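First up is the structure itself, then whatever we jot down about it.
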Amino acid sequence: MKQIESQLNHLRLHGMSNTWQALVETRRHHELSLTEGLELLLQAEEQERSNKRFERLQKAARFRYQASVEELHYDASRGIDKSLISALATGDYLAKGESVLITGATGCGKSFLASALGHQACAQGYRVIYYNIQKILLKAKMCRVEGTILKFFDSIAKTDLLILDDFGLTHLDQQQQLDLMELVEDRHGRASTVVASQLPVSNWYDVIGEETIADAILDRLVHVSYRIELKGESLRKKR
């Protein structure tokens, strides 16, 4: 028995090893057929690897909140539609490369909802990255100075879901407009973007500034997207 456990650990089959150890300790391994035991061990290994992948994806995403769609407080009067969230939770919008635009006043739960959608995407095996809009534009500026801007844009383009939070707090200068255009263009029709903003979408044009670039960005974000307009306070459940 110890030899089997040792071999499983040597092969890094930790899910199988843990389940095998539990079966031996409870003496259930005598009750199972070879097929039943193998099926149980394989399921345990699959779950172990899925959990570890989720942990890696979640850590890499750098979410603002540890949130989940199960924690959301559904209330139609506050602008959150349970049927829409349920549809987004399936991940179908990610497979289609569609966007989600979340707007609402400070404190109404935009960042929490965006984080919850991101966590759900991680649980489904998608790669997610969470950025405050000013931080991602600052990162782009630093990468341009370092000569790594193309590598940075490429890494963002390959991410399944990009979450941009706090959009619209400040107006964009010319280079920031171009950088945002590059980020959006690289993802258009291929990968999903969630944008959270205190401003209604109708005001985004003025925040971006330059007419041609604003038209291009909004054309790629707005026309094929889900809209969530939040009202009230935090969406977290009262504990």
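The values are calculated or read from the model by the stated rules, or taken from the named source; none is laboratory data. None of the values given here were measured: they were computed from a predicted structure. With ideal geometry, Cβ positions are generated from the backbone for all residues, glycine too; neighbour counts draw on all protein chains shown. What goes into the accessible areas is simple: the full protein's heavy atoms, side chains included, and nothing from ligands, DNA or RNA. Shrake-Rupley method; radii C 1.70, N 1.55, O 1.52, S 1.80 Å.
Compared with the dominant Cα axis of the chain, that is its longest principal axis, helix 174-187 is turned about 40°. Rounded to the nearest 10 degrees, the inclination of helix 211-222 to the longest alpha-carbon principal axis of the chain is 30 degrees.
Couplings 3J(HN,Hα) of the range 84-98, computed from phi: 5, 4, 4, 5, 5, 5, 5, x, 4, 5, 5, 5, 8, x, 8 Hz, in residue order, whole Hz [Karplus 6.51 cos²θ - 1.76 cosθ + 1.60, θ = phi - 60°; x for Gly and Pro]. Protection proxy ranking, highest mean first, for peptides 203-210, 93-100: 93-100, 203-210, where packing is the per-residue count of other beta-carbon atoms within 10 Å, averaged.
Counting only residues at least eight positions apart within a chain, or on another chain, the lysines with an alpha carbon under 19 Å from that of LYS141 are LYS151.
For the chain, the relative contact order comes to 26 percent (Cα pairs under 8 Å, sequence separation of at least 6).
All distinct Cα pairs of the range 1-60 go into the 1/r average, and the inverse of that average, the Kirkwood radius, is 12.1 Å.
Quick one: pull the percent of accessible area on the chain belonging to carbon and sulfur, 1.4 Å probe, ligands and nucleic acids left out. The C+S portion of the solvent-accessible surface of the chain is 51 percent.
If you sort the three axes of the alpha carbon gyration tensor as a ≥ b ≥ c, you get a/c of 1.5 or more for the range 77-140 and a/b no higher than b/c, which makes it oblate. Computed over the Cα atoms of the chain, pair by distinct pair, the Kirkwood hydrodynamic radius stands at 20.1 angstrom. On a per residue basis, the range 49-157 carries 50 Å² of accessible surface, using protein heavy atoms and a 1.4 Å probe.
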